[in-house]
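Each value in this text was obtained by applying a stated rule to the coordinates, not by laboratory testing. Model, not experiment: these values are computed from the prediction. Please note: Cβ atoms are built from the backbone with ideal geometry, for glycine as well, and neighbour counts cover all protein chains shown.
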Ligand SMILES: NC(=O)c1ccc[n+]([C@@H]2O[C@H](COP(=O)([O-])OP(=O)(O)OC[C@H]3O[C@@H](n4cnc5c(N)ncnc54)[C@H](OP(=O)(O)O)[C@@H]3O)[C@@H](O)[C@H]2O)c1
């Protein structure tokens, strides 16, 4: 019999992609809040009673929790709201999961890292409110026996959501605006479909518990990343300038180097992680196949 899997944040960017990777193998219960995912449910996970009633009815064996407010500047100016959505939803799910044999997977962020070298799983250093709410949530998730925290950063093309880095970039180019390419923030994001592949494998990976970084093999500046995407798309004429993050008006502190060490995940699967260039190759193929360029 297929195992029952509750996927929260299923109407979001990662969730709406991940559904397609899970629905063959699992009896899937996708949850959104304002938007109802296909064959799924609308449920406000800040409401503890509703969470308990729902989970008591379903009795899932696996929970993958993706809900969050991911806008870093919004979280900085609305700490209570960020705490409610990012932390309280997690606490409600964890409280129900205690003393049950649940595989609980929680998606966290590379915003927890701010170190000069590659950060391993022990070196969290949260410095903005978004990162703090994710770090607090990780703490409650890790109190569960069979839980896994996946720290990551991902990119993809999400035309229904429009608020990701790539969607913003494509829109700026279409509007013929000059794009600021930030040269002093470094990260190692993965392509969303690679991330989904890994999440599926991590559900069953016995060696995977605690915290695991899930990033590309190599690191790159945010500006150079977008520049490479444009190059692969053959966009020769777009207007851009390389700049430092201090020249962009932002509300929250941004770590300069969020690059994650991926040694642990490479050991778990005995396989190197895809590189930034591998990910861009797949992204560009997908963009071309949906006639975006
Ligand atoms: N985006 C990134 O680049 C990135 C990077 C690193 C880590 N992450 C982590 O990856 C996860 C997924 O991110 P994402 O970008 O896919 O997020 P997203 O697109 O912003 O989606 C957020 C999801 O949370 C749901 N939600 C919000 N409030 C809720 C509530 N009260 N009850 C139930 N559901 C609620 C939303 O539902 P409705 O839309 O239906 O209201 C939506 O499905 C997050 O945990 C994030 O921290 C993201």
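Descriptive notes on the structure:
- Anisotropy class of segment 231-284 from Cα gyration tensor, a/c 1.5 cut: oblate
- Segment 95-151-segment 254-274 distance, computed between alpha-carbon centres (Å): 15
- On Cα atoms only, tilt of 192-204 relative to the major axis of the chain in degrees: 30
- Extension gain, residue 98 back to residue 256 (0.36 nm per residue minus Cα-Cα distance, nm): 53.2 nm
- Scattering curve values for the chain, log₁₀ I(q)/I(0), Debye with Cα scatterers, q = 0.14, 0.16 Å⁻¹: -1.07, -1.41
- Tensor-based shape of segment 1-64 (alpha-carbon gyration tensor, a/c under 1.5 rounded, otherwise prolate or oblate): oblate
- Acute angle (nearest 10 degrees) that the helix 222-232 long axis makes with the longest principal axis of the chain, alpha-carbon atoms: 70
- Rounded to the nearest 10 degrees, the angle from helix 276-289 to the longest Cα principal axis of the chain is 90 degrees.
- Report note on the peptides 214-220, 70-76: ranked by the mean count of other C-beta atoms within 10 Å, highest first, their order is 214-220, 70-76.
- R0 of 22 Å, Cβ-Cβ distance residue 237-residue 286: FRET efficiency to nearest 0.05: 0.45
- Computed label-point distance, nm, for sites residue 178 and residue 146 using a 7 Å Cα→Cβ extension: 5.6
- Solvent-free Debye scattering, log10 I(q)/I(0), computed from the Cα coordinates of segment 176-264 at q = 0.12, 0.18 Å⁻¹: -0.51, -0.92
- Using the Cβ-Cβ distance between residue 218 and residue 122 with R0 = 22 Å, the FRET efficiency computed as 1/(1 + (r/R0)^6) comes to roughly 0.55.
- Shape class for segment 98-164: oblate, because the ratio a/c of the largest to smallest gyration tensor axis (alpha-carbon atoms, square roots of eigenvalues) is 1.5 or more and b/c is at least a/b.
- Residue-averaged [θ]222 nm for the chain, counting only DSSP H segments that reach four residues, each worth -39500 (n - 2.57): -10500 deg cm²/dmol
- Most to least packed among 237-247, 99-109 [average Cβ atoms within 10 Å]: 99-109, 237-247
- FRET efficiency, residue 246 to residue 84 (Cβ-Cβ, R0 35 Å, nearest 0.05): 0.65
- The packing ranking of peptides 7-14, 149-156, highest mean first, is 7-14, 149-156, where packing means the average number of other beta carbon atoms within 10 angstrom of each residue.
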